[in-house]
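Worksheet for the structure shown next.
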Amino acid sequence: MRYFMPVDVYEENDCIKTHADCWTKFGKKALVVTGSHSAFKNGAYKDLEEVAHTKGVDLVLFKEVEENPSVDTVMKARDFGLAEKVDFVIGLGGGSAMDAAKAIALMLAHPKADASYLYAKGDSTTLPIVCIPTTCGTGSEVTGVSVLTRKDLQVKGSIPHKIFAQVALIDGKYLLNAPLQMLRNTAIDALAHLWESYLNPNASDYSRMCVVAGLEVWKQNKDVLLGQQALELGQAFAMMRAACFGGMAIAQTGTSLPHGLSYSLTVHQGLAHGLACGYFLAGYLLQAEAKERDYLLHLAGFTSLEQWQDFYKAVCLKIPLDKVALEKAKNSLLANPAKLKNAPFKVDEKVLEAIIYEGNHYE
Ligand SMILES: [Fe+2]
């Protein structure tokens, strides 16, 4: 058994400030990689700026990361970072910003390489990376994964390089004013990570320890996700912690079939990542042994599979998924043998059809 977690993780109020020395030590100039809005609304960029100013670190800002970041965006940010001669990279935001930051840090460390290097086998050295999550799903702050979209091929998937941040700074306050639907989308992603990691041939006692701890905190937030309770700071921390545990778990095991099926729905139907993964969770649980299925449902605070299905129906927006889209998802997973291996049971087309169609009665 092996448990590998090279990221220095701080989860605290104001940890950008209180642990400033952990991230300002990487150099005098940082490239901040983020999206166009949320890091400015939730106060995270302001906090970063204040500390950087005090510590004499210059920040240069790349705020063009889109949802499902593309290779083109990564290369544009790399060129900007090279021109600015940055020393390290800060991924600030959700999974898109952090995944992009990892790929950008890789390309900055290989300044002569072109975009094909992202998909090449080779040296995975990067500039130092700091991740500051402001959502509660991806766990990218503690995984080695960078998921990018290749617009030319209309494909979304992980690049082969394993890239971990040096430092993760987790502060629940950045979630407090997040839109409810964003909390739902990302919390369902975290749940998918936890369940898929547990039901995974690569799972070990160590990775399952993260799953159990993650589900224990995940279940505390169901009323918030249902819109029945306001989000308070303690719960915001719990939501981020559940996501972080999910990330620690999949960093060991990888994700499984629901994630493999989700990518096509995100690229072709524009469905949010967490909701796309969540769509297949009931069907995936149905394929598992009853004892494990009941255990995972119980840990997440559900008394039955139907209760989970009702919860998903309540928190996701109505999904107009037709058979063409679902068949496309099935075929793209069938062409992904690495992901097919990540299930604790034998997978063929019939099993995938059962996961896709038998677990879903949402329309
Ligand atoms: Fe995910």
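The values are calculated or read from the model by the stated rules, or taken from the named source; none is laboratory data. Treat the numbers as computed from the prediction; the structure is a model and nothing was measured. Cβ placement follows ideal geometry from the backbone for every residue including glycine, while neighbour counts extend to all protein chains displayed. Calculation scope for accessible area: heavy atoms of the full protein, side chains included, ligands and nucleic acids excluded. Shrake-Rupley method; radii C 1.70, N 1.55, O 1.52, S 1.80 Å.
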Fill in the blank from the handout: Within segment 176-185, restricting to residues that are away from the ligand (no atom under 11 Å from the Cβ) and either of a type in the set (A, V, I, L, M, F, W, C) or assigned to a helix (DSSP H, G or I) (or both), the one that is surrounded by the most Cβ atoms within 10 Å (Cβ to Cβ) is ARG184
Practice task
Filter segment 294-304 down to residues that are part of a helix (DSSP H, G or I) and touching a residue at least 24 places away in the same chain (Cβ under 8 Å) and give me whichever is most open to solvent (accessible area, probe 1.4 Å).
Solution key: LEU299
Practice task
Select from segment 268-286 the residues that are more than 16 Å from the chain's Cα centre (by Cα) and surrounded by 20 or more Cβ atoms within 10 Å (Cβ to Cβ) and list them in ascending order.
Solution key: TYR279, PHE280, LEU281, ALA282, GLY283, TYR284, LEU285
Practice task
Please tell me if TYR312 is in contact (Cβ under 8 Å) with a residue 24 or more places away in the chain, open to solvent by 10 Å² or more (accessible area, probe 1.4 Å) and within 19 Å of the chain's Cα centre (by Cα).
Solution key: no
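Listed here are the residues, each with its yes/no results for (1) polar (S, T, N, Q); (2) open to solvent by 50 Å² or more (accessible area, probe 1.4 Å); (3) part of a helix (DSSP H, G or I).
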{"position": "LYS121", "(1), (2), (3)": "no, yes, no"}
{"position": "CYS131", "(1), (2), (3)": "no, no, no"}
{"position": "GLY144", "(1), (2), (3)": "no, no, no"}
{"position": "THR149", "(1), (2), (3)": "yes, no, no"}
{"position": "GLY157", "(1), (2), (3)": "no, no, no"}
{"position": "HIS161", "(1), (2), (3)": "no, no, no"}
{"position": "TYR174", "(1), (2), (3)": "no, no, yes"}
{"position": "ALA187", "(1), (2), (3)": "no, no, yes"}
Exercise for the section: Please state which of the following conditions LEU225 fails to meet, knowing it meets all the rest: (1) closer than 29 Å to VAL351 by Cβ; (2) away from the ligand (no atom under 15 Å from the Cβ). Expected result: (1)
Exercise for the section: Test ALA251 against the criterion of being in a loop (DSSP other than H, G, I, E, B) and within 24 Å of VAL347 (Cα to Cα), and give yes or no. Expected result: no
Exercise for the section: Being touching a residue at least 12 places away in the same chain (Cβ under 8 Å), open to solvent by less than 10 Å² (accessible area, probe 1.4 Å) and within 13 Å of the chain's Cα centre (by Cα) narrows it down to one of MET248, MET240, so name that one. Expected result: MET240
Problem - Evaluation of GLY270 against (1) at positive phi; (2) within 15 Å of the ligand (Cβ to nearest atom) (one fails), failing number - result: (2)
Handout entry: Conditions (1) closer than 30 Å to SER70 by Cβ; (2) in contact with a Pro (Cβ under 8 Å, 6 or more places away or on another chain): number failed by LEU199
Key = (1)
Fill in the blank from the handout: Note on segment 26-45: residues in contact with a Gly (Cβ under 9 Å, 6 or more places away or on another chain), open to solvent by 20 Å² or more (accessible area, probe 1.4 Å) and not small (Gly, Ala, Ser) are LYS28
Exercise for the section: Scan segment 84-96 and report the pairs whose first residue is of a type in the set (S, T, N, Q) and whose second residue is within 16 Å of the ligand (Cβ to nearest atom), with Cβ atoms within less than 6 Å and a gap of 6+ or a chain change. Expected result: SER96/GLU67; SER96/PRO69
Practice task
Scan segment 99-119 for residues that are open to solvent by less than 10 Å² (accessible area, probe 1.4 Å) and either of a type outside the set (Gly, Ala, Ser) or on the phi > 0 side of the Ramachandran plot (or both) and report the count.
Solution key: 5
Practice task
Take the residues in segment 189-216 that are open to solvent by less than 50 Å² (accessible area, probe 1.4 Å) and among the charged types (D, E, K, R), then tell me which one is nearest to MET1 (Cα to Cα).
Solution key: GLU196
Exercise for the section: Give ALA39, ALA52, ALA20 a once-over and let me know the one that is aliphatic (A, V, I, L, M) and in contact (Cβ under 8 Å) with a residue 60 or more places away in the chain. Expected result: ALA39
